[in-house]
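The values are calculated or read from the model by the stated rules, or taken from the named source; none is laboratory data. Values in this document were obtained by computation on a predicted structure and should not be read as measured data. Note: ideal-geometry Cβ built from the backbone for every residue, glycine included; neighbour counts use all protein chains shown. Just so you know, the surface numbers come from the protein's heavy atoms only, side chains and all, with ligands and any DNA or RNA stripped out. Shrake-Rupley method; radii C 1.70, N 1.55, O 1.52, S 1.80 Å.
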Amino acid sequence: MIRKVKGTRDILPPETRLWNEVERTALRVFEGFGYSEIRLPLLEPTELFVRTVGEGTDIVSKEMYTFADRKGRSLTLRPEGTASVARAFIENGLGQRPQPLRLSYFGPMFRYERMQRGRYRQFSQIGIEVLGAATPAADVEVIVALHTFLAELGFDNLIIVLNNLGDPEDRERFIAGLKTELTPHREELCGDCQRRWDENPLRILDCKVPRCRELVAETTPVADVVSEDARHHVAAVEDALDAVSIPVRRAPRLVRGLDYYLRTVFEVISPELGEDTVICGGGRYDRLISDLGGAAVPGVGFAIGEDRLIEVLPQSFKDRAFDERVVTVLPLGDGSVAPATALARDLVRAGATVHTEVTGRSLKAGLKWSGKMNSSVAVILGEQELAEGAALIRDLRRGEQEKAALDRVVGRVVELLRVEE
């Protein structure tokens, strides 16, 4: 038997209904804030992620699925979405459109990383980006849109943490100070952090090894050495979020795993999964597009790990997602197949979820099958009823049955489904 690739999974019905409902909610909320969906390729030139995410990051150095195509070009299955959005912005001349440009995206990403709860090597992300706005107001909008989406899913216990990374010029000063403070303890750092020391020292702050975390906790926070402009920017973001009653807390060592972030960075964590498990992360990246050869276009956005989000969804949202009103249509005899198909089509047009019996079951077996399908109403089309221009409508929840003319069946079924609400 051929099995799926390790780190991937089959998402089966009825769980797929939950995924669809989450994505429909995201589209509704983000469209409400003015975001339009962009659809991006799974494959990108490897150079895109090396230049944007950062050669010294774990994503690029350890986790990317990279291969040569038949012409020897290095391609990578995308590990994140923002770099692809930036590439598409430049390549398609999106800077000519009215600014700021608000974009959303959905889809699979790929990273070769250690398997654990809520983390897969093929995973899905939901993200939004605002391109062309350098003000704190754009950061605030992104976090408010995120908070609104999570509230629509029923969350009230997620934690938003935020930090100030300053500008790239601040980062050089911070890294020099960080190395000075850690030099007496350099040999105590883990092997990965020894490598990061020269390649990307900022990643030391992101290490999950307990001793590394202890050492980092004693160092000067990056927010203490940033410029006044960066300080005022992030303070304005925090003040505005407080004014709209969205609580955030400072995380002085939060850096995120991507090199392009500056000033505002934030994450959302779930107490249920543990504070090391990030459901959502984002921040500002004002120099990403210019680093790729485009104009100096500021940006800010976030991406949600949909797999992790699904795992911690509130029960109230799950109940809502699975609370469908199912109708079964039971044709009895060859002459009832066409009328049953037409009736099913009309019920679907009226908004019902319809399962039509197509295997030739008897009435008794069909009603038993209807119960297994969690049907609320069964419509029975027997030869005698059809000869009279009618059908039997059975309310399976109440055990009641009535006869209705064919042209009234749809309306009557819809009435019964509304009573169930």
Accessible-area order (highest first, 1.4 angstrom probe) of the listed residues E306, E91, E113: E91, E113, E306
Calculate the spin-label point distance for R24 paired with H232, positioning each point 7 Å from the Cα along the beta-carbon direction, and give it in nanometres. 4.7
Which entries in K318/K364; K4/K368; K4/K208; K6/K372; K4/K62 show an alpha-carbon gap greater than 26 Å? K318/K364; K4/K368; K4/K208; K6/K372
Which of L381, G371, A391 sits farthest toward the positive end of the charge dipole of region 363-402, with +1 on the Cβ of Lys and Arg and -1 on the Cβ of Asp and Glu? G371
Only loop residues by DSSP count here, and only those with at most 12 other Cβ atoms within 10 Å; note down the GluC sites (Glu not before Pro) in region 205-251 that meet that. E218
Treating the beta-carbon of each Lys and Arg as +1 and of each Asp and Glu as -1, no other charges, what is the dipole magnitude of the chain about its Cα centre, to the nearest 20 debye? 1360
Dipole of region 91-187 (Lys/Arg Cβ +1, Asp/Glu Cβ -1, origin at the Cα centre): which of L158, G132, L101 lies farthest to the positive side? L158
Computed for region 283-332: size of charge dipole around the Cα centre, +1 on C-beta of each Lys and Arg, -1 on C-beta of each Asp and Glu, debye to nearest 20, value 120
Stretch K4-R408 to full length: gain in nm at 0.36 nm per residue minus the Cα-Cα span? 140.6 nm
Full extension between V348 and R320 adds, at 0.36 nm per residue less the Cα distance, a length in nm of 8.1 nm
Taking the Cα centre as origin and putting +1 on Lys and Arg beta-carbons and -1 on Asp and Glu beta-carbons, what dipole magnitude results for region 1-156, to the nearest 20 debye? 800
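Indicate the gyration tensor shape class of region 294-346 (rounded, prolate or oblate), computed on the Cα atoms with a ≥ b ≥ c the square roots of the eigenvalues: a/c under 1.5 is rounded; otherwise a/b larger than b/c is prolate and the rest oblate.
It is oblate, given that a/c is not under 1.5 and a/b is not larger than b/c.
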Rounded to the nearest 5, what % of the DSSP beta bridges within the chain are antiparallel ones? 80
In Å², nearest 10: area of D170 left accessible to a 1.4 Å probe: 10
Say the dipole of region 1-60 comes from +1 at the beta carbon of Lys and Arg and -1 at that of Asp and Glu; which of I38, G54, N20 then lies farthest toward its positive end? N20
With a 1.4 Å probe and all protein chains left in place, how much accessible area per residue does region 218-356 have, in Å²? 41
Calculate what fraction, in whole %, of the accessible area of the chain sits on carbon and sulfur atoms when a 1.4 Å probe is rolled over the protein chains. 50
